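The next block holds one structure in the form of structure tokens; read it before the comments.
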Amino acid sequence: MESNFNIDTRLLHAGRNPASHGGLVNTPVCRGSTIVAPTLQEWEARKTPGNPYASYGRFGSATTLALQDMMAELEGGHRSLVFPSGLAACTHALLAFVRSGDHVLMTDSVYGPTRSFAEDVLSRLGVEVEFYDPTIGAGIRQQMRKNTRLVFVESPGSATFDIQDIPAISAQAHEHGAFVVMDNTWASPLFFKAFEHGVDVSIQAATKYLVGHSDALMGVATANERAWPLLKAGAHDFGQTTSPDDIFLVLRGLRTLSLRMQRHWESGVRLAKFLQQHSMVERVLHPALPEDPGHALWKRDFQGASGLFAFVLLPLTRAQTIAFFNSLKLFGIGLSWGGFESLALPMDAPKRAVAPWTSQGQLVRVHVGLEDYIDLEADMAQALEAAAKAAARKPGTSSDVSAVPPQHSAVHLMENVL
Ligand SMILES: *Cc1c(COP(=O)(O)O)cnc(C)c1O
């Protein structure tokens, strides 16, 4: 649609054309494999360069095209492709650009399963993957080699929320002829304009904010003109398809994306600030906090923040950790994020090749949902209090209490809280 409308308006009107569907406001769920042609001439006319079989359900229906058109417009790219999951969008975007003998630079803060794919599959195919410090910026120049084909960025990074200097990294990558592929899920297309910052392919795990209701899995990869032919050819060769029923859910979720993101952003920052002041919390990882190491870059490059961040608890006993998670009433313990409901996920120490994770306390990833903020803060407060009390009730009886450094003994924690 016309690009002079503001993004919040385009969110409501992009990717739909009621006149094509009997006046229905939403593009319907178009299911199908075979698409018949009435004449031989029309059948022949449907062939596209390089693909004589383009008129087939595997290449998408009107529902697929509606989402792909809408995503290309929202991301500000040339064209988009949908994939059956966010991870599939990441892995296929990687496979579309590399061949045996190539070198790939990947941020050390990358989403865990993308890291596993690089370590397990790309290396098996003869592609060398090297992890770099997410805060490297223009210093990535030193890591570039003649055969560096692709630089993978994710900002902020999964689990640790490090902000990357995407324009500086992109400039170096392009000088060396490499493509820049970004996992842009955290910010959504609303809060980070990937193509304006030099990215060639922007990936959304649509499962998260775009779906917004925790009821479907999907990925979208959007390319600029330079990267599009390779992305498209690579994806089509693998024969991945995505269900039109699920695509319908993404299209529906997108209509309210801006309103939801506004609330996730606001409540997320409020809860992060609350946790920052709390005596049971060692530190909070959220780029919108002025004290965060990535704050200046976030402020320069992003239009907002989502509701996903992390915090580190002081080192606790097992009994205290159990008390904390089991006392939460509004924050579910579960994977994924971006739905309407709040989540608190206990995370293992993040795997890092460059700068190992050193915090002793439990890392907790929080997705702040759309509940009333006051209720969320009260829930978090009572769970932290329950953790503190768990230490007081059973001093020294927890089986792993010896794992707690003396300066963080249960009694010490109590003093901090009460
Ligand atoms: C969840 C997630 C993915 C993968 O999405 P799925 O749909 O679960 O496969 C990729 N990147 C990031 C940053 C994610 O959080």
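The values are calculated or read from the model by the stated rules, or taken from the named source; none is laboratory data. All values reported here derive from a predicted model rather than from experimental measurement. Positions of Cβ are generated from backbone atoms using ideal geometry, with glycine treated the same way; all protein chains shown enter the neighbour counts. All accessible areas refer to the heavy atoms of the entire protein, side chains included, with ligands and DNA or RNA removed. Shrake-Rupley method; radii C 1.70, N 1.55, O 1.52, S 1.80 Å.
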- Would it be correct to say that S109 is part of a loop (DSSP other than H, G, I, E, B) and in contact with a Ser or Thr (Cβ under 9 Å, 6 or more places away or on another chain)? yes
- Query: Taking R31, is it touching a residue at least 40 places away in the same chain (Cβ under 8 Å), within 24 Å of H236 (Cα to Cα) and assigned to a loop (DSSP other than H, G, I, E, B)?
  - Reply: yes
- Task: Would you mention how many residues in region 356-380 are free of Cβ contacts under 8 Å to residues at least 24 places away in the same chain and either outside the structural domain of I322 (by TED's automatic domain parsing) or not acidic (D, E) (or both)?
- Result: 4
- Extreme residue, farthest from the ligand (Cβ to nearest atom), among residues of region 99-115 that are more than 16 Å from the chain's Cα centre (by Cα) and surrounded by fewer than 23 Cβ atoms within 10 Å (Cβ to Cβ): G101
- Which one is farthest from the ligand (Cβ to nearest atom) among residues in region 292-340 that are of a type outside the set (A, V, I, L, M, F, W, C) and open to solvent by 50 Å² or more (accessible area, probe 1.4 Å)? R318
- Message: Tell me whether region 207-228 contains one or more residues that are part of a helix (DSSP H, G or I), open to solvent by less than 10 Å² (accessible area, probe 1.4 Å), assigned by TED's automatic domain parsing to the domain that holds L81 and of a type outside the set (F, W, Y).
- Response: no
- Query: Do you know which residues across region 153-179 are within 16 Å of the ligand (Cβ to nearest atom) and of a type in the set (V, I, T)?
  - Reply: V153, T160, I163, I166
- Quick count over region 187-206, residues being in a strand (DSSP E or B) and among the hydrophobic types (A, V, I, L, M, F, W, C), is 3
- Task: Scan R263, R283 and give me the residue that is touching a residue at least 60 places away in the same chain (Cβ under 8 Å), under 26 Å from D8 (Cβ atoms) and open to solvent by 50 Å² or more (accessible area, probe 1.4 Å).
- Result: R263
- Pairs with Cβ under 8 Å, 6+ apart, first in region 195-207 and touching a residue at least 60 places away in the same chain (Cβ under 8 Å), second more than 16 Å from the ligand (Cβ to nearest atom) and acidic (D, E): H197/D301
